[in-house]
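To keep things clear, I will list the structure first and then write my remarks on it.
What follows draws every value from the coordinates through simple rules; no lab data is involved. The model shown is predicted, which means the values in this text are computed figures rather than measured ones. Every residue, glycine as well, gets a Cβ built from its backbone with ideal geometry; the counts of neighbours run over all protein chains shown.
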Amino acid sequence: MSQEIASSGWGRFRASSADFLHRKGVMGFLFTLPADIILLLLLAYPFVLGIWLSFTNTIIGRSGSFVGLSNYISLFHSNIFWLTAFNTVFYTCVAVFFKLILGFGLAIILNQDFKGKGLIRAIVLLPWIVPTALSAIAFWWIFDSNFSCINWLLLKIGLLKTPIDFLGNTINARLSVVLVNIWRGIPFFTIGLMAGLQTINQSLYEAADIDGATPWVKFKSITLPLIMPLLSVITTFSIIWTFADFQLIWILTRGGPDNATHIFGTLSFQRAIAGGHLGEGAAISAFIFPVLFISVLITSKYLKREN
Amino acid sequence: MAEVALHHVGKKYGDVQAVEDFTLTIQHGEFMVFVGPSGCGKTTTLRMIAGLEEITSGEILIDGRKVNHLPPKDRDIAMVFQNYALYPHMTVFDNMAFGLKLKKMPRDEIEQRVRQTAGMLGILDFLKRKPRELSGGQRQRVALGRAIVRTPKVYLFDEPLSNLDAKLRVQMRLELKKLHEKMNTTSIYVTHDQIEAMTMGDRIVVMKDGRIQQVGHPLEIYMHPRNRFVAGFIGSPTMNFIEGARIEKENGALFSVTKGMKLPIPKTHFEALAPYAGREIVLGVRPEDLSEGDDPNAPGAVKAYVEVVQPVGNQIYIDVKVGDRNLLAAISPQSAVKVKEEILLKARLENLHFFDPESEKALV
Ligand SMILES: Nc1ncnc2c1ncn2[C@@H]1O[C@H](COP(=O)(O)OP(=O)(O)O)[C@@H](O)[C@H]1O
Ligand SMILES: [Mg+2]
């Protein structure tokens, strides 16, 4: 009976297909295929389309034609583009720097044992769980030239003679958007690093106490080296999100005043969607990619070496 | 070398009294072992001596100097942790040198000291490795080395061998003992393993529920446990406890009697046990004090029925029924004992233990 099946055509087909499936990789490939297709449609397609658009003069509602590098060349001759590049780097560097320092500091403080730490930890999460669009609107209100509650308070207690124009002049606007970004990004560092701090074996600190280490030495020689891999990953993510930010600035300033707060994301959106010049917008956003790619590369190199 | 003294030391965690009224003096160069079941407060006591834990009451003195509020680094102690607590990102060399560097010792002296200690422990070849590239036994040695290299006044060990396999444990036990003979530094060693305590300690502190039960030389504790807990905890296999045994007086002699067993009590115990005549006590017999006998009329002879036979090589453990009770006996490996047969046992009468059924204190 069994021999009959094995020698029949169906049996042989079954045997050989099982062989094929069990060959290394084939089964795995099949299992991941649905995910691969989704990734391809949702990530690779828009990405490739964006790159393609940047080489065309497409305008909304009209399919364009291939124009080579001309979008890029005109950007290179544009002052606004260079200002935007500066703004993006400034925004990213300053915001990430302070998010790292403040977030790490807060993580270390909250990692101590104290009364009500559960509640405080939950509160720290708030800026992170409130949708950015909402908190940006709240800050827009806080920074409003007429109704700012900060101004009201400072005028009331007599610290100010005239109200501060938070979003109306270039320097203030730059600092204001950076400030909001920091406020929003701190919890990401704090929560991530706190989880990391908790994995550090407490007896290492006790051994160091016996060895005569001061709090600073313990931080420098134990905490920092042990948290470094996690810290570098978290920082990389923060760089990516800050560099490619959009919502916050668009709601607060729309890139103004005088383009002082335009970053790649907002300028690209303004050109492509508001202005209709899809090709040019795509070329601007193409600049985001290499920077992020390099920072990811550096991090993964570092992590490989560490491990 | 240093003397460590604890006076009525206590530690409370909230409502939990982890250690209570702990009074003990550890002599210069002594190897003192704290032993007791898990949760009895051994680690807490050790950590209080180290300065890693605030003490709630009492005082601790090292070399006559009160150290209650002295930070760990100023107590001149070194501690070996149960999980070793090696700095994972540092090499073996840096692990060992860390404390010396913090003491601002000159570089070449550090180098020389670390190499000498590593040589003594046989880890010279691993100095450049990170802890994760070492086996458990090697890590153990590094942890020891980190303590030794600092030449402290007192060593504190918290179950340092409990993460090693049985064979390595026996070997390290021996090495630790040799190291101690060589350096003769005051050492306090915590373990839950009574064999480790017996073999290593100059003296042993048996603890239970945060309190000292007995302090003494290992054999003294084995021979004369002060209460039922100590009697049951020290010695392997565990002592047989026969509850409800009666002390009976006959013609001026005392016997401890229970169903199927009537053991004459040695004259030396008469004075202590006479007041208990006619009363029930708890009789303690160590398995190794029950041997195979030949004369059913000899004093201390006990007829028993064999239920389980467990040869362990140098001895045979037999689980026997006497009357309606089960007892464990450790008899000679030459015995031809068989399951489900009668056997004649002989109790070593001078080694019997008697406990008060209420207070559980030893009566003799
Ligand atoms: N940090 C702590 N907080 C609360 N209770 C603790 C703490 N450390 C130990 N205890 C309690 O103190 C008692 C003694 O613990 P420990 O000294 O670790 O025992 P051992 O080392 O003998 O196993 C236990 O009941 C334990 O639960
Ligand atoms: Mg313990």
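Some points to look at:
- Summary of packing: across the peptides B:35-48, B:257-270, A:168-181, the per-residue average of other C-beta atoms within 10 Å ranks them, highest first, as B:35-48, A:168-181, B:257-270.
- Backbone geometry of the stretch B:153-162 corresponds, through the Karplus equation with coefficients 6.51, -1.76 and 1.60 at θ = phi - 60°, to 3J(HN,Hα) couplings of 6, 9, 9, 10, 10, 10, 6, x, 9, 6 Hz, x marking Gly and Pro.
- When +1 charges are put on Lys and Arg Cβ atoms and -1 charges on Asp and Glu Cβ atoms, the dipole computed for the protein assembly as shown relative to its Cα centre reaches about 1840 debye.
- Here the Kirkwood formula puts the hydrodynamic radius of chain A at 23.7 Å, using every distinct Cα pair.
- Helix-derived mean residue ellipticity, 222 nm - over chain A, DSSP H n ≥ 4, -39500 (n - 2.57), to 500: -22500 deg cm²/dmol
- Between the amide H of B:Ile26 and those of B:Val4, B:Ala5, B:Leu6, distances stay under 5 Å, these residues lying 5 or more places away or on another chain, with hydrogens modeled in the peptide plane.
- Convex hull projection area averaged over all views, chain B, Cα basis, nm²: 21.9
- Peptide A:199-208 has a mean shielding of 6, counted as Cβ atoms of other protein chains within 10 Å of each residue's Cβ.
- Dipole magnitude of the stretch B:93-154 about its Cα centre (Cβ charges: Lys, Arg +1; Asp, Glu -1), debye to nearest 20: 240
- Using only alpha-carbon positions in the protein assembly as shown, the gyration tensor eigenvalues give semi-axes of 74, 36, 25 Å once each is multiplied by 5 and square-rooted (largest first).
- Within chain B, helices built from complete DSSP H runs that reach 24 Å or longer along their own axis (Cα positions) and carry a mean Kyte-Doolittle hydropathy of -1.0 or higher are B:166-183.
- In order through the stretch B:232-241: 3J(HN,Hα) via Karplus (6.51 cos²θ - 1.76 cosθ + 1.60), integer Hz, x for Gly, Pro: x, 7, 8, x, 9, x, 5, 4, 7, 10
- For chain B, the relative contact order works out to 15 percent when only alpha carbon pairs closer than 8 Å and six or more residues apart are counted.
- Close amide H pairs (under 5 Å, H built 1.01 Å from N) link A:Thr58 with A:Gly64, A:Ser65, A:Gly279, residues at least 5 positions away or on another chain.
- Centroid-to-centroid separation of the stretch B:178-222 and the stretch A:236-250 [C-alpha atoms, Å]: 62
- For residues of B:45-57, the mean tally of beta carbons on other chains within 10 Å: 1
- Considering helices alone, the calculated mean residue ellipticity of chain B at 222 nm is -7000 deg cm²/dmol, with DSSP H runs of length four and up weighted by -39500 (n - 2.57) and normalised per residue.
- Global form of the stretch B:304-364, assessed from the alpha-carbon gyration tensor, a/c cut-off 1.5: prolate
- Taking every C-alpha pair closer than 8 Å and separated by at least 6 residues, the mean separation divided by the residue count of the stretch B:106-252 gives a relative contact order of 14 percent.
- Euclidean distance of C-alpha centroids, the stretch A:271-298 and the stretch B:37-114, integer Å: 56
- Counting only aspartates and glutamates at least 8 places from B:Lys12 when in the same chain, those with an alpha carbon closer than 18 Å to its own are A:Asp113, B:Glu20, B:Asp21, B:Glu53, B:Glu54, B:Glu59, B:Asp209.
- Using C-alpha pairs under 8 Å with a sequence gap of at least 6, the mean separation divided by the residue count of chain A gives a relative contact order of 27 percent.
- Stokes-Einstein D (µm²/s) once Rh is taken as the Kirkwood radius of the stretch A:237-307 over alpha-carbon pairs, at 37 °C in 0.692 mPa s: 247
- Pairs from the list B:Lys11/B:Lys42; B:Lys303/B:Lys338; B:Lys101/B:Lys128; A:Lys220/B:Lys153; B:Lys104/B:Lys178; B:Lys178/B:Lys208 with a Cα-Cα gap above 21 Å: A:Lys220/B:Lys153; B:Lys104/B:Lys178; B:Lys178/B:Lys208.
- In order along the stretch A:293-298, the phi-based Karplus estimate (6.51 cos²θ - 1.76 cosθ + 1.60, θ = phi - 60°) of 3J(HN,Hα) comes to 4, 5, 5, 5, 4, 4 Hz; Gly and Pro are listed as x.
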